[in-house]
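Engineer: Handing you this structure, nothing more for now.
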Amino acid sequence: MSGTRLRHPVAAALAVAGYVIMIVPIGFVVATAFTAGSTLRFPPEGLSLTWFGEAVAYSPFMEAVVSSLELAALATALALVLGVPVTLAVHRGRIPGRGLLEGLFLSPLVVPELVVGLALYQQLMIGLHLDNFTTLLLGHTALLLPYAVRVTGASLALADPALEEAARGLGASPVRAFFTVTLPMLRPGLVSAGLLGFVTSFNNVPLSLLLQTRDFRTLPVTMLDYVQQSYDPMVAAASTLVLAATVVVAVVAERTVGFAKIFGGINR
Amino acid sequence: MTTPAAELVGVTQRFGSFTAVDAVDLRIPRGRLTTLLGPSGCGKTTTLRMLAGYATPTSGRILIDGQDATRTPPEKRDLGMVFQSYALFPHLTVADNVAYGLTMRKVPAPERRRRAAEALELVGLGHLGDRRPKQLSGGQQQRVALARAVAVRPRLLLLDEPLSNLDARLRVQMRAEIRRIQSETGLTVVLVTHDQDEALEMSDEMVLMRAGKVVQSGAPRDVFPAPADRFVAEFLGYENFLTLADGREAAVRPEHLRVVTADAPLDGRVDDVVLDAVVRDVAYRGVDVLVTLDATDPAGTAVRLVADHRAEDETPAPSPGARVRLVAPRARLALLTPAAPAAAPATAPEGNR
Ligand SMILES: Nc1ncnc2c1ncn2[C@@H]1O[C@H](COP(=O)(O)OP(=O)(O)OP(=O)(O)O)[C@@H](O)[C@H]1O
Ligand SMILES: [Mg+2]
């Protein structure tokens, strides 16, 4: 795929520039994480794993990791549970205004997250007195809905609508047909949407920053706080660990469903 | 007469202001193979989908085994449908695909396996039960779809252009295969096609549709020699139309139009239609030569006609510009004007095939 795209020299140059811009800063962070020195500086002074040990032992980070994982898992599950019926309605339903419905569920992609965050803060936390975790969960769910709808939608669009009809004709009720035929067809889409959603939620800063409190902070927000106070390489080590985990997830995703499918879903 | 397996009574289907199926009355005889034949867009699939329960008629009634089923959902109709795309479940094995309908009917596992195996055996794929649909050829997938529909012993087997995705040879082979399965199982089959050869070869009963309406129906032997109107005639391969001396319109097939030399003796029957013609074009086609001619029909109108000149014919094929004589045997003329009581062939009673 990339082979055909890189044929044009300008396109090739741009692609290389893109990779450099994306990868070089990451390289700096990873390199700094292995320093034996005590400042966030490049090139690293000596080689050691000290700062990884520090990062893992630093309880605010570890608590934040748990919070982040919890939030990401719940928000992803919620987004899928809400998103799949919407996808079905948009692709298979006979409802008027499908386009509008789809647009509504994709809108979080367009509305700036800070605006969403502020709205949630005012309406849910102040207005409805919801606690900070619930508000954050709702915010993240809204954020992930477009991924759920789009990616599972791409899966559904690939499935022959006659499959469900065939199941019905063979004696399956609509519910049975959904669980025995439609859902298995959606599985690659669900896995992709789940992974994407999880990573998106885990990495989110704007919403989490606006809706944080002392007792519930996500990892990115905690790390941001940390860099503002001290300038030691522990943050680089923590970042590297997150990066490593993400790479593992990505490799698993590639092995099980393939990137083309995951990202093909969003580009349409 | 027994109740038909299914019956459509004044069934209409509208999509917005467009009428896809227009007040169709149809009886599907039990234990027979009925084809719905017609050009693209004439409403065949829509009719089949209403029979299967995937679409509800805008008006009219659908009876299955004499019971009103107009609004019965597909899962309660007990029918088998083979889709044009086959619609095999890609995540299940071939055997599980075939057993799906039995699983939905809560047939116990051992019997389910036995009946699925039987159905696969019936279509000659007993050895492929463990494969996935993707690992089969188009023809094999088609057979699996057929086995899946047959396994539940449906009251009605519905096939929507089942052969159109197969190559020409396989298509011809599968025609006989479907006929065999129909007679072995005694199932009532409704088959949609736009291929007149397929319909003629396979049907006990053929139903010709045009623009949402049924234009003619009957056994192929009755329909083929006596098309009801010009549309049916054209669809069945009648390419020549002429007006007789008495003003009636007649159709004749290219293979029934004999080209003879202008001075040939007229040895045929006195009421054969004989026309003087000029050859315009001659096209070699292997088994025959297609001759295009300009002639004047008995009513005095100029007509363009085509005739098949067989290679084994005694006279050599004429060349363009030649003046020739055309002979259309009276018995081969299909009269299209309805007010022709004497000429209409007797309709054979049902059940002689
Ligand atoms: N859901 C629909 N909405 C609007 N129009 C439709 C719909 N389904 C069918 N039609 C129209 O109804 C007419 C009949 O369609 P149908 O699919 O029954 O034709 P067909 O005889 O099966 O043709 P083909 O041989 O091409 O499959 C067509 O003009 C089609 O465009
Ligand atoms: Mg059709």
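Engineer: Out of all the residues in region B:85-102, which are surrounded by fewer than 20 Cβ atoms within 10 Å (Cβ to Cβ) and at the interface with chain A (Cβ under 8 Å from one of its Cβ atoms)?
Structural biologist: B:Ser85, B:Pro90, B:His91
Engineer: Tell me, which residue of region B:52-66 that is β-branched (Val, Ile, Thr) and surrounded by fewer than 18 Cβ atoms within 10 Å (Cβ to Cβ) is farthest from the other protein chains (Cβ to nearest Cβ)?
Structural biologist: B:Thr58
Engineer: What tally of residues in region A:155-180 results from selecting those that are assigned to a helix (DSSP H, G or I) and of a type in the set (Gly, Ala, Ser)?
Structural biologist: Total meeting the criteria: 7.
Engineer: Among (1) surrounded by 14 or more Cβ atoms within 10 Å (Cβ to Cβ); (2) within 16 Å of ligand 1 (Cβ to nearest atom); (3) away from chain A (no Cβ under 14 Å), there is one condition B:Pro4 misses while meeting the rest; what is its number?
Structural biologist: Against the list (1) surrounded by 14 or more Cβ atoms within 10 Å (Cβ to Cβ); (2) within 16 Å of ligand 1 (Cβ to nearest atom); (3) away from chain A (no Cβ under 14 Å), B:Pro4 comes up short only on (2).
Engineer: Taking only region B:56-110 into account, find how many residues are small (Gly, Ala, Ser), on the phi > 0 side of the Ramachandran plot and out of contact with any helix residue (DSSP H, G or I) (no Cβ under 6 Å at 6 or more places or on another chain).
Structural biologist: Number satisfying all stated conditions: 2.
Engineer: Further question on the same structure: Given the conditions (1) closer than 24 Å to B:Glu121 by Cβ; (2) at pLDDT 95 or above; (3) in a loop (DSSP other than H, G, I, E, B), and given that B:Val98 satisfies all but one, which numbered condition is not satisfied?
Structural biologist: (3)
Engineer: Another question, if that's okay. Could you list, in sequence order, the residues of region B:27-51 that are more than 12 Å from ligand 1 (Cβ to nearest atom) and surrounded by fewer than 21 Cβ atoms within 10 Å (Cβ to Cβ)?
Structural biologist: B:Arg27, B:Pro29, B:Arg30, B:Gly31
Engineer: Continuing with the same structure: If the Cβ limit is 7 Å and pairs must be 6+ apart or interchain, which residue in region B:70-82 that is of a type in the set (Gly, Ala, Ser) pairs with which residue that is outside any strand (DSSP E or B)?
Structural biologist: So the pair list comes out as B:Gly80/B:Ala149; B:Gly80/B:Val150; B:Gly80/B:Val152; B:Gly80/B:Pro154.
Engineer: Regarding B:Arg171, is this residue away from every other protein chain (no Cβ under 11 Å) and within 20 Å of the chain's Cα centre (by Cα)?
Structural biologist: So B:Arg171 passes the test.
Engineer: Please report, ordered by residue number, the helices (runs of 4 or more DSSP H) entirely within region A:6-118 with at least 2 residues that are of a type outside the set (Ser, Thr, Tyr), closer than 25 Å to A:Ala245 by Cα and out of contact with any Leu (no Cβ under 8 Å at 6 or more places or on another chain).
Structural biologist: Working: elements: A:9-33, A:50-57, A:59-92, A:98-106.
In region A:6-118, the matching helices (runs of 4 or more DSSP H) lie at A:9-33, A:50-57, A:59-92.
Engineer: Please count how many residues of region B:107-160 are part of a helix (DSSP H, G or I), within 17 Å of B:Met174 (Cβ to Cβ) and within 14 Å of chain A (Cβ to nearest Cβ).
Structural biologist: Here the count works out to 10.
Engineer: Let me ask something additional. Could you tell me whether region A:135-152 includes any residue that is closer than 25 Å to B:Tyr100 by Cβ, among the hydroxyl-bearing types (Ser, Thr, Tyr) and within 14 Å of chain B (Cβ to nearest Cβ)?
Structural biologist: Among the residues of region A:135-152, not one is closer than 25 Å to B:Tyr100 by Cβ, among the hydroxyl-bearing types (Ser, Thr, Tyr) and within 14 Å of chain B (Cβ to nearest Cβ), which makes the answer no.
Engineer: Of the residues B:Leu8, B:Leu36, B:Leu79, B:Leu51, which is within 30 Å of B:Ala233 (Cβ to Cβ) and more than 16 Å from ligand 2 (Cβ to nearest atom)?
Structural biologist: Exactly one residue qualifies, and that residue is B:Leu8.
Engineer: Let me ask you something else. As an exercise: evaluate B:Leu159 against (1) within 16 Å of ligand 2 (Cβ to nearest atom); (2) more than 16 Å from the chain's Cα centre (by Cα) and give the number of the one condition it does not meet.
Structural biologist: Single failed check for B:Leu159: (2).
Engineer: Another question about this same structure. Could you list, in sequence order, all residues of region B:162-195 that are within 16 Å of ligand 2 (Cβ to nearest atom) and of a type in the set (D, E, K, R)?
Structural biologist: Listed by number, the list holds a single entry, B:Asp195.
Engineer: Okay, next question. What pairs come out if I take residues in region B:12-26 that are near ligand 1 (Cβ under 7 Å from one of its atoms) and small (Gly, Ala, Ser) and pair them with residues that are at pLDDT 95 or above and assigned to a strand (DSSP E or B) whose C-beta lies under 6 Å away, six or more apart or interchain?
Structural biologist: Here the result reads B:Ala20/B:Gln13, each pair linking region B:12-26 to a residue that is at pLDDT 95 or above and assigned to a strand (DSSP E or B).
Engineer: Name, by its number, the condition in (1) within 14 Å of chain A (Cβ to nearest Cβ); (2) of a type in the set (Val, Ile, Thr); (3) within 16 Å of ligand 1 (Cβ to nearest atom) that does not hold for B:Thr193.
Structural biologist: (1)
The values are calculated or read from the model by the stated rules, or taken from the named source; none is laboratory data. In this text the structure is predicted, and so the values were computed from the model without any measurement. Cβ: placed from backbone, ideal geometry, glycine included. Neighbour counts: every protein chain shown.
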